[in-house]
């Protein structure tokens, strides 16, 4: 999943019109630095986007349609009845369209291969199921049993799903990365609790945020 900086840099060298570029940046501001997605608490309403971009709602809707058509934004709209009853908002995922070379001249991509809208969430099946899994690394060997047990427990509490130490190690790596965090378990608990349900739990079925299926 591309970072906020990578998305913003890609927008700058894209062929998007100025208004769409601005709206992309408005959405990027809401991306959580740790989870690398727009968390549920920060999902904007159409009114929020109109206010933050300085545009009217109709113009924002037109820009969003263009961004969604070009693959920069994916929207999951709640059923109208639930939206009215429970005040649910449209959920947004923002990324870089696949098969699009958005690397500025003179700069090489940080990682090889195309960058698509597949997010950093870990709730996806393995390659044999057509999805993506958290990357493997030496984190399993250096993660303490206490940290991994904490990850296992919070995923069980939040999503009712039992995961093993290997999955917990991948989750811990995705959340903490190379940052020198004094208490990785406590930090990971905060991130998982703040993310949408199911974000860090394995899923059976298609990966989230795919263009064909939308959000899961």
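The values are calculated or read from the model by the stated rules, or taken from the named source; none is laboratory data. All values reported here derive from a predicted model rather than from experimental measurement. FYI the Cβ positions are ideal-geometry reconstructions off the backbone, even for glycines, and counts take in every protein chain you see.
Would it be correct to say that residue 184 is buried (at least 21 other Cβ atoms within 10 Å of the Cβ), at negative phi and either at pLDDT 50 or above or not assigned by TED's automatic domain parsing to the domain that holds residue 28 (or both)?
yes
Hey, could you check region 145-181 for residues that are assigned to a loop (DSSP other than H, G, I, E, B) and at pLDDT 80 or above and say which is surrounded by the most Cβ atoms within 10 Å (Cβ to Cβ)?
So the residue we want is 163.
Is it the case that residue 37 is crowded, with 18+ Cβ neighbours inside 10 Å and more than 22 Å from residue 193 (Cα to Cα)?
No; evaluated as a whole, the condition is false for this residue.
Tell me which helices (runs of 4 or more DSSP H) are completely within region 1-74 and hold 2 or more residues being under 29 Å from residue 190 (Cβ atoms) and either modelled with pLDDT of 90 or more or within 19 Å of the chain's Cα centre (by Cα) (or both), or say none if there are none.
The qualifying helices (runs of 4 or more DSSP H) are 4-12, 18-28, 46-53.
Answer yes or no: is there a residue in region 129-139 that is modelled with pLDDT of 75 or more and in the same structural domain as residue 195 (by TED's automatic domain parsing).
No: zero hits.
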